[in-house]
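Any read-out appearing in this document is the output of simple, stated calculations on the displayed coordinates, not a laboratory observation. Since the model is a prediction, treat every value here as computed from it, not as a measurement. Note that each Cβ is placed from the backbone with ideal geometry, even for glycine, and that neighbours are counted across all protein chains shown.
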Ligand code: AHG
Ligand code: MN
Ligand code: MN
C-alpha cells in the first residue's frame, strides 16, 4: 500500500509525539513546492525562463523563477496560521506572517538558478525553527542549525522528489501520477567511504592551502597517498549534489577562498547549509565548515555565508583534520 506524505507525517506525529502544527507547516511547504513544480515543468510555455532584471540583497541577479518561487512560498506560508515568520534568500529582511504562529520557516526558494534556463536539476530548500517567545525580530531567526525542528528540499529533476527529516531519520517521496508525494525510500544511510567528489574546480587558484593539497591528492588517484581513483561531479545545484550524496555517497564542498575575506564561502548558512547539514547528519553523514560542525555555528546574520564540506563521514573527517592546523 502506498504511503503518502500526509500519512507519513501523521505516523511520525504519533510515534514521536510531534506537534500537529509542525505537520501542517510541512504540508504547506509541500503545497507551495507543488506550485513551483508546475511552473518549472512548463518552462518557456509559462514564460518563467530568463532574468527578472532585478537583484537580491546579496548582489546576485534574480531569475524570473527565483522571484516566482519566492512569492509562491510567501503567499502559501502566510496563509498557514502556524507560521510566525519567514526568511528567504530573495528577501532583504524577514517577513512577518501570523502573530500566533509557533514556527519560523527559512528557505532558498530556487536553488541552482544558473541551471533554470538550461533545463538541469534545480530545487527548493527549507528549514523550520521554533519561534522564540516575544516580538518577532531578526534575532528570533538567529538560532543554530541544532535548533531546527525539520528540514528538507524538493528536487525538480527527471523526477520531482521531496526529501525531509523531522529528526528521526530521513524520508524520500516521489511525486506520483496524481500529483501527490508518495514515500519511496526511508531511513537512507550515506556510505561512510567514498571515491566521488564535487567542487567547482574553476576556483582552484583561490582555495586555501589545505584544500589545494586535498584535491591534489584525489587527482593523483591510485598513484597518490589516497591509493584509489576518484571520480568528479559538479551540477552547480546544491540540491542535486546533496541528493546524489544521499543516494550513493560522496563529498560536496564549496570552500572558503582567498578572494573576499568578508565572505567565508558562497553558500548561505541559514537556508542552504543548515537544512542540508541536518539531512546529511540524519543519514549518517557529516557537515563541517572545515573547522566545526555546521549545525553548531551560532549565526549572527540572516544571510551569512559559510564554507561547506558535507557527505560521507570518513572523507569529511579527513578534510576537516587536514584543516586543523591551518
Ligand atoms: P542559488 O542558485 O540559490 O544562488 O545557489 C546556487 C549555489 C549552489 O546551489 C551551488 O552549489 C553553487 O551555488 C553553484 O556555484 P557555481 O556557480 O560556483 O558553480
Ligand atoms: Mn541556493
Ligand atoms: Mn536560490
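Things to note:
- Per-residue [θ]222 nm for the chain (sum of -39500 (n - 2.57) over DSSP H runs n ≥ 4, rounded to 500): -9000 deg cm²/dmol
- Most mobile listed residue (312, 140, 151) in the chain, GNM with C-alpha springs under 10 Å: 140
- Span from the segment 9-65 Cα centroid across to the segment 152-210 one, whole angstrom: 16
- Over the Cα atoms of the chain, the radius of gyration divided by the Kirkwood radius equals 0.95; this is the Rg/Rh ratio.
- Panel order for 183, 302, by other beta carbons found within 10 Å of each beta carbon, from fewest to most: 183, 302.
- The chain - percent relative contact order, Cα under 8 Å, separation 6 or more: 15
- Exposure proxy ranking, count of Cβ atoms within 10 Å, fewest first, for 4, 26, 149: 4, 149, 26
- GNM result for the chain, Cα springs below 10 Å: residue of 305, 205, 146 fluctuating most strongly: 205
- Tensor-based shape of segment 53-101 (alpha-carbon gyration tensor, a/c under 1.5 rounded, otherwise prolate or oblate): oblate
- 5 Å binning of all Cα-Cα separations within segment 275-326, expressed as whole percents from 0 upward: 5, 21, 30, 24, 13, 7, 0
- Here the Gaussian network model covers the chain, with springs between Cα atoms less than 10 Å apart; of 275, 109, 255, 255 fluctuates the most.
- Anisotropy class of segment 1-95 from Cα gyration tensor, a/c 1.5 cut: oblate
- Relative exposure of 243, 206, judged by other C-beta atoms within 10 Å (fewest first): 206, 243
- Tensor-based shape of segment 5-186 (alpha-carbon gyration tensor, a/c under 1.5 rounded, otherwise prolate or oblate): oblate
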